[in-house]
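Okay, structure first, notes after.
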Amino acid sequence: MSILWEKSGTWRWLVRRTKESKPFFIGFATVCGVIPGIIGFCVMSATNTRSPELEAKLRKNARPETLMMGKVNKERLAEYLGELQRKENTNDRYVAALKGETLTRKPYQRIQPVPNPSDIEAKKEQK
């Protein structure tokens, strides 16, 4: 790849100018950072639509699983924020997450392991 650049007169001029002139180097580096930043900002602004009509349409067409997961996540977040407000110890959440376990709503059993798919299939076959 560098073979293409080494033979280019423009590339050699650019390297020579940035090597010889510190202000040119700073200006070139600024242009290389600012121009893509402006372009990215404009693209994100143009593609980000926060219209209530679009959000209502997307929520109306949402699948039931998506709605259920949104509800569950909202409940879990509310529970977690409640624990933080009450200043409860939440370190066991991190330990449980590392072990692949999740929270339960049972008052005396806070952590419950996530069942393996093979366990679920075995229980269905037994019934």
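The values are calculated or read from the model by the stated rules, or taken from the named source; none is laboratory data. A quick note: this is a predicted structure, and the numbers were derived from the prediction, not measured. All Cβ positions, even for glycine, are placed from backbone atoms using ideal geometry, and neighbour counts span all protein chains on display.
Taking the stated definitions as given, is A46 without any contact (Cβ under 8 Å) to a residue 60 or more places away in the chain and assigned to a helix (DSSP H, G or I)? Against the criterion (without any contact (Cβ under 8 Å) to a residue 60 or more places away in the chain and assigned to a helix (DSSP H, G or I)), A46 qualifies. When segment 49-90 is filtered for residues that are loosely packed, with under 10 Cβ neighbours inside 10 Å and in a loop (DSSP other than H, G, I, E, B), the ones remaining, listed by number, are T49, R50, S51, N61, R63, R86, K87, N89.
Checking the structure you have, find out if any residue of segment 91-99 is of a type in the set (A, V, I, L, M, F, W, C), loosely packed, with under 11 Cβ neighbours inside 10 Å and at pLDDT 85 or above. The answer is no, given that none of the residues of segment 91-99 is of a type in the set (A, V, I, L, M, F, W, C), loosely packed, with under 11 Cβ neighbours inside 10 Å and at pLDDT 85 or above. For R17, indicate whether it is at negative phi, at pLDDT below 90 and among the basic types (K, R). So R17 fails the test.
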